[in-house]
1. For residue 15 and residue 175, FRET efficiency with R0 = 35 Å and r from the beta-carbon atoms, rounded to 0.05?
2. How far is the Cα center of region 114-150 from the Cα center of region 57-84, in Å?
3. Extension gain residue 55-residue 115, at 0.36 nm per residue separation less the Cα-Cα distance, in nm?
4. Let me check against my output: what whole-number percent is the relative contact order of region 172-217, with C-alpha pairs under 8 Å and at least 6 apart?
5. If neighbour count is taken as other Cβ atoms inside 10 Å, put 92, 21 in order from fewest to most.
6. Remind me, relative contact order of region 80-196 in percent, using alpha carbon pairs under 8 angstrom and six or more residues apart?
7. Quick one: which of 176-186, 223-233 comes out on top by average Cβ neighbours within 10 Å, and what's the full order, highest first?
8. Report the paramagnetic label zone for residue 46: residues of region 74-92 whose backbone N is under 13 Å from a point 7 Å from Cα along the Cα-to-Cβ axis.
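What follows is calculated from the coordinates using simple rules that are stated; it is not laboratory data. Note that the coordinates shown come from a computational prediction; the quantities given were computed from them, not determined experimentally. Here the Cβ is made from the backbone with ideal geometry for all residues, glycine too, and neighbour counts use every protein chain on show.
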Amino acid sequence: MPQLEVGVLGPVEVRIDGVRIEVRGALAAAALAHLALHVGDPVPASRLAAALWGDAAPPSVRTTLPAHLSRLRSRAVGTALVHTAGGYVLDIDPAHVDAHRVARDHREAAAVRDRDPTAALRLLDGCLAQWRGQPLAGLDDIPVVPSHRVRLEALRTAIRTDRADVLVGLGRGGEVVEDLRDLAGAHPLDERVQELRLRAMYAAGRRDDALQAFRALDHHLRAERGVDPGRRLRDLQQAMLRGDLDPTGGPLVAARREVTTAAPSAPARAAVVGRRAERAALAAAANRPGLVPVVGVAGMGKTRLGREHAAAAVAAQQGTEGPWHAELGALVDDGHVPQAVAAAV
């Protein structure tokens, strides 16, 4: 049986047994891309029409849409395009759609990264090699295209970031300084990207440049966003100033144990002022076994409140274990929460 493959990570393309087949017409290409990104799932005709025309569907849409899909079936995808009671389905293996294949390999890279970072790097390089340009290129006038592009570009950014993470961990941070500069410029609030960039610059022997980059970031966050750099970034700056930073840094998702079981001899800063309601609620919740999340917008004092409560509680217990403080703000994947909490205790 001929093998049909669909590409959306660039201009929409179809290949049958490796031979490229032209997809004629923007509407046909967009319909194919939309079905490919929902491969295996029925897409009702009404949803497909909304994806292609938005609110400007022609009065004849009930006949126009099937006509476009009939031509797509006869000229490009054949019997893989199926009309069911639930809607239209592209009935092919998800691995035969480049975007789904890339997402699968990205997950595989994350799964093997800790035990075999070199294998993870090969998978991530393979993912990036499948991009042929702007996703769904040439379909700017199709209403659904911008939302698909946002998701696909977010996937590419995540892959680039994970690749940089692996290379920094392998001691090859100098190879990704320029890529991280671009990522950091595009995502100034992504502290994982910012940390990786500083580590990579430091690893490349550019300590002064890394410190200058931190100062520029600090100024941008304060002036434009009204927030301070996170604790990890501030700790990183101090390590660079001391000259004792390990550029590889270990896994960036691991939480540090912020509070030891010994009470501090003296607080480094004045005690938290105000926040009586928050402190009371935190104390009541912490008296029960389990996790107590402290959430809120950046810069409002969550970390300080949690640390000082934990330190005071440890002192009151006179050395018995707990509570512990795990900083989760740098995590980018919910699946890393258990290991971050485990690292804190």
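1. Using R0 = 35 Å, I get an efficiency of 0.60.
2. Spelled out, the Cα-based centre of one part sits 27 Å from the other.
3. Full-extension gain reported as 16.6 nm.
4. Relative contact order, region 172-217: 39 percent.
5. If I rank by nearby Cβ atoms, fewest first, I get 21, 92.
6. On the way: 86 pairs, mean separation 19.6, N = 117.
About 17 percent, as a whole number.
7. Values: 176-186: 16.7, 223-233: 14.7.
Peptide ranking by packing, descending: 176-186, 223-233.
8. Under cut-off, by backbone N: 87.
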